[in-house]
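J.: So that we are looking at the same thing, I have put the structure below in structure tokens.
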Protein chains: 2
Amino acid sequence: MDTDPLIALDAMGGDHAPGEIVAGAVRAARDLGLRVALVGVPETVTAELAKHGDRPDTITVVPASEVIGMDEQPAQAARHKKDSSIVVGLRMVKQGEAAAFVSAGNTGAIMAAAIMYLGRIKGIERPTLVALMPLSGKLTVLLDVGANADCKPGYLLQFAQMASAYMERVWKVDRPKVALLNIGEEEMKGSSLAQEAYALLANSNLNFIGNVEGRDVPTDIADVIVTDGFTGNVVVKTMEGMADFIMNQLRAAIKSRPWYAAAGLALMPAFNQMRKKLDYREYGAGPLLGVNGLVFVGHGPSDARAIFSALRVAREAALSGMLEALREQTPAGTR
Amino acid sequence: MDTDPLIALDAMGGDHAPGEIVAGAVRAARDLGLRVALVGVPETVTAELAKHGDRPDTITVVPASEVIGMDEQPAQAARHKKDSSIVVGLRMVKQGEAAAFVSAGNTGAIMAAAIMYLGRIKGIERPTLVALMPLSGKLTVLLDVGANADCKPGYLLQFAQMASAYMERVWKVDRPKVALLNIGEEEMKGSSLAQEAYALLANSNLNFIGNVEGRDVPTDIADVIVTDGFTGNVVVKTMEGMADFIMNQLRAAIKSRPWYAAAGLALMPAFNQMRKKLDYREYGAGPLLGVNGLVFVGHGPSDARAIFSALRVAREAALSGMLEALREQTPAGTR
């Protein structure tokens, strides 16, 4: 009996596609026996697969003649490139051929195509994109990070409910702690959106711990931090910018004197140990929650290890009944 | 003739008040001949002054019997503590006795009191708090960072105009580059607020360079980055949180093996060189723009060096005619 879920993987999406994508799939198939459908231009995918010796039998290739570029206009590409790896992969999920779709491709196009081809879960007003933040050593998720630039208070409640179900089902967190990103700790702080969302969260059945501020984001204070898609996107990118800035400054400072270089070299393992904390790759890809199917969106620069993790997490999500939980939760969850 | 402007300084405001505040004032008086009115509880201020030997003749003490605590409810404190150092200092500006007011005290209370006692510049819809970001080695300002959680597009245009005038007058930047914080580079990206603000900025006489994203904030891409007070506040605090996180991780990593410690020690000067870039103290305090008087708000943890810089910058602002420029600019500047 073949009950292991099949994961459709966009072989053409990502800064290092198809090489790293196919390598991640091969590793997941070999190490975990994971069933992967590599969706992409057949000759290209087959040529990549050939580099890894005997093809594992749990890997299949599903042809898609078109590729959506990383910088293409999302909605247009999703609508017109009907034989792209993104659309073909999502259609497999829609038709029940695959249990989940994973892509490190054009985020906007994945979101647009997922909404177009899978639709929303009944009762969900807006799908939401989740960022995985493993900084503190345990996983915190931040959402929305860009699917919805303009939000209503009710959206934020639904985001929190979906992310809470995701943390419970996929990461086995009991009663996930949910916080609202705000500009002060007190209840009456913030924009009218934040104040109204606070009231909804406080009256929900979620484990709501109140407001957190920007400086709490890289800590383990909460399991779920909810905000609108504008603020969330700016926060994630600011964090990347700060990490880059500090690492570059450090590198420049070490290079500025010859005798620092030796000390810097001796400290390399310590630096690497720290960099690991900044590494999302153990956690793979963030879920797109609220569409009627399991979709995971990886970072553009995803390498084989990130893809391996994303596939593992996608399988876990499929086996966990997360989607069913989300479907049952709404709209009753709004009570 | 005594043309040097008098700066009123809140001796009681800040995490290290009155010690560091008074020390900063003494240094500014001695090194720059700066005229400072130390506003605060007379015995306390006089006792602190006594620690520095002979009092410079450009320092005076202005009595204020009350103190607004760092955690007090801002609007209430501003309204009721009429003999607090914040209110007394602002009243000196209002009455033309002082050219500017500097405080590292309760930010909310300073803003509330400034609006209450100084009022707004005619034509300005909302005063705005500016954060100084010297990360890239040159000064960039980000605003609004918390005065206005809910903004209209027109506010953002006025924020940009005021910050542009500030950079021109006080920091002598020719045609300051103004950017809009957004979640994508293209014109049509972002929330409806961002899209409408984009249109206003693009049609203004400012040197508008378009959208920037979160990752651009710690770079020198712009002189002025404008956003709403909710996003701006979250960004500034996220940057602080990330800097703390990375420095703590680094410290922990270096401590994790005895042989890293020696290398870490050798690298201390390099680390310190980097930390300097994160140091706002050279720039002192951010202006509260749009109120009818010069007000500068320092970080709570300001030390003597930060206060020294804040006083220097406040004098520069007074001499530069910045306030007059702001008064003339609006509302005609909206053209």
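The values are calculated or read from the model by the stated rules, or taken from the named source; none is laboratory data. No experiment lies behind these values; they were computed from the predicted model shown. Cβ placement follows ideal geometry from the backbone for every residue including glycine, while neighbour counts extend to all protein chains displayed.
J.: Just to be sure I understand, how many residues within region B:1-22 are charged (D, E, K, R) and in contact with a Gly (Cβ under 6 Å, 6 or more places away or on another chain)?
T.: Filtering region B:1-22 down to residues charged (D, E, K, R) leaves B:2, B:4, B:10, B:15, B:20.
If we keep only those that are in contact with a Gly (Cβ under 6 Å, 6 or more places away or on another chain) as well, we get B:10, B:15.
Count: 2.
J.: Okay, moving on. Mind checking which residues of region B:147-164 are crowded, with 24+ Cβ neighbours inside 10 Å and small (G, A, S)?
T.: Of everything in region B:147-164, those that are crowded, with 24+ Cβ neighbours inside 10 Å and small (G, A, S) turn out to be B:A147, B:A160, B:A163, B:S164.
J.: A follow-up question, please. For region B:110-153, which positions are farther than 28 Å from B:K172 by Cβ and either in a helix (DSSP H, G or I) or among the β-branched types (V, I, T) (or both)?
T.: If the condition is that a residue be farther than 28 Å from B:K172 by Cβ and either in a helix (DSSP H, G or I) or among the β-branched types (V, I, T) (or both), then B:A112, B:A113, B:I115, B:M116, B:Y117, B:P153 are the ones that fit.
J.: A further question on this structure: Look through A:M247, A:M268, A:M242, A:M274 and report the one residue that is farther than 28 Å from A:G69 by Cβ, over 17 Å from the mean Cα position of the chain (by Cα) and crowded, with 24+ Cβ neighbours inside 10 Å. First the steps, then the outcome.
T.: Values: A:M247 fails: crowded, with 24+ Cβ neighbours inside 10 Å; A:M268 fails: crowded, with 24+ Cβ neighbours inside 10 Å; A:M274 fails: crowded, with 24+ Cβ neighbours inside 10 Å.
On inspection, the qualifying residue turns out to be A:M242.
J.: Condition first: facing another protein chain (nearest Cβ under 7 Å) and surrounded by 19 or more Cβ atoms within 10 Å (Cβ to Cβ). Can you find one or more residues in region B:218-227 that meet it?
T.: Scanning region B:218-227 turns up at least one residue that is facing another protein chain (nearest Cβ under 7 Å) and surrounded by 19 or more Cβ atoms within 10 Å (Cβ to Cβ).
J.: Could you list all residues from region B:80-103 that are in contact with a Phe, Trp or Tyr (Cβ under 9 Å, 6 or more places away or on another chain) and in contact (Cβ under 8 Å) with a residue 60 or more places away in the chain? Write out each step before concluding.
T.: Narrowing region B:80-103 to residues in contact with a Phe, Trp or Tyr (Cβ under 9 Å, 6 or more places away or on another chain): B:86-87, B:89-94, B:100-103.
Of everything in region B:80-103, those that are in contact with a Phe, Trp or Tyr (Cβ under 9 Å, 6 or more places away or on another chain) and in contact (Cβ under 8 Å) with a residue 60 or more places away in the chain turn out to be B:I86, B:G89, B:L90, B:M92, B:V93, B:K94, B:A100, B:F101, B:V102, B:S103.
J.: Mind listing whichever residues of region A:128-169 are hydrophobic (A, V, I, L, M, F, W, C) and under 26 Å from B:Q249 (Cβ atoms)?
T.: Hits for region A:128-169 are A:V130, A:A131, A:L132, A:M133, A:L135, A:L139, A:V141, A:L142, A:L143, A:V145, A:A163, A:M167.
J.: Name every residue in region A:211-242 that is touching a Pro at 6+ places or on another chain (Cβ under 9 Å), over 24 Å from B:V212 (Cβ atoms) and either part of a loop (DSSP other than H, G, I, E, B) or free of Cβ contacts under 8 Å to residues at least 40 places away in the same chain (or both), in order of residue number.
T.: Listed by number, the residues that qualify are A:A222, A:D223.
J.: Also, I was wondering about something else. Would it be correct to say that B:Q273 is over 30 Å from B:G190 (Cβ atoms), part of a helix (DSSP H, G or I), at pLDDT 80 or above and within 7 Å of another protein chain (Cβ to nearest Cβ)?
T.: Values: over 30 Å from B:G190 (Cβ atoms): yes; part of a helix (DSSP H, G or I): yes; at pLDDT 80 or above: no; within 7 Å of another protein chain (Cβ to nearest Cβ): yes.
No.
J.: Restricting to region B:285-308, give me the number of residues that are in contact with a His (Cβ under 7 Å, 6 or more places away or on another chain) and assigned to a strand (DSSP E or B).
T.: Residues meeting the conditions: 0.
J.: Contact list please: Cβ distance under 6 Å, first residue in region A:243-259 and touching a residue at least 24 places away in the same chain (Cβ under 8 Å) and facing chain B (nearest Cβ under 8 Å), second residue surrounded by 13 or more Cβ atoms within 10 Å (Cβ to Cβ) and assigned to a loop (DSSP other than H, G, I, E, B), pairs at least six apart or on different chains.
T.: Taking only residues 6 or more apart or on different chains, the pairs are A:A243/A:L278.
J.: Of the residues A:G105, A:G146, which single one is within 14 Å of chain B (Cβ to nearest Cβ) and within 12 Å of the chain's Cα centre (by Cα)? If you could, list the steps in order and put the result at the bottom.
T.: Values: A:G105 fails: within 14 Å of chain B (Cβ to nearest Cβ).
The match here is A:G146.
J.: Looking only at region A:178-210, which residues are surrounded by 21 or more Cβ atoms within 10 Å (Cβ to Cβ), more than 11 Å from chain B (Cβ to nearest Cβ) and in a strand (DSSP E or B)?
T.: Within region A:178-210, A:V178, A:A179, A:L180, A:F208 qualify.
J.: Let me ask something else about it. When region B:229-276 is examined, which residues are found to be among the aliphatic types (A, V, I, L, M) and closer than 30 Å to A:V234 by Cβ?
T.: B:V234, B:V235, B:V236, B:M239, B:M242, B:A243, B:I246, B:M247, B:L250, B:A252, B:A253, B:M274
J.: B:E48 - would you say it is more than 22 Å from the chain's Cα centre (by Cα), free of Cβ contacts under 8 Å to residues at least 24 places away in the same chain and either in a loop (DSSP other than H, G, I, E, B) or on the phi < 0 side of the Ramachandran plot (or both)?
T.: Numbers: more than 22 Å from the chain's Cα centre (by Cα): yes; free of Cβ contacts under 8 Å to residues at least 24 places away in the same chain: no; either in a loop (DSSP other than H, G, I, E, B) or on the phi < 0 side of the Ramachandran plot (or both): yes.
No: the conditions fail for B:E48.
J.: Which of (1) without any contact (Cβ under 8 Å) to a residue 40 or more places away in the chain; (2) part of a loop (DSSP other than H, G, I, E, B); (3) in contact with a helix residue (DSSP H, G or I) (Cβ under 9 Å, 6 or more places away or on another chain) does A:I68 not meet, given it meets every other one?
T.: (1)
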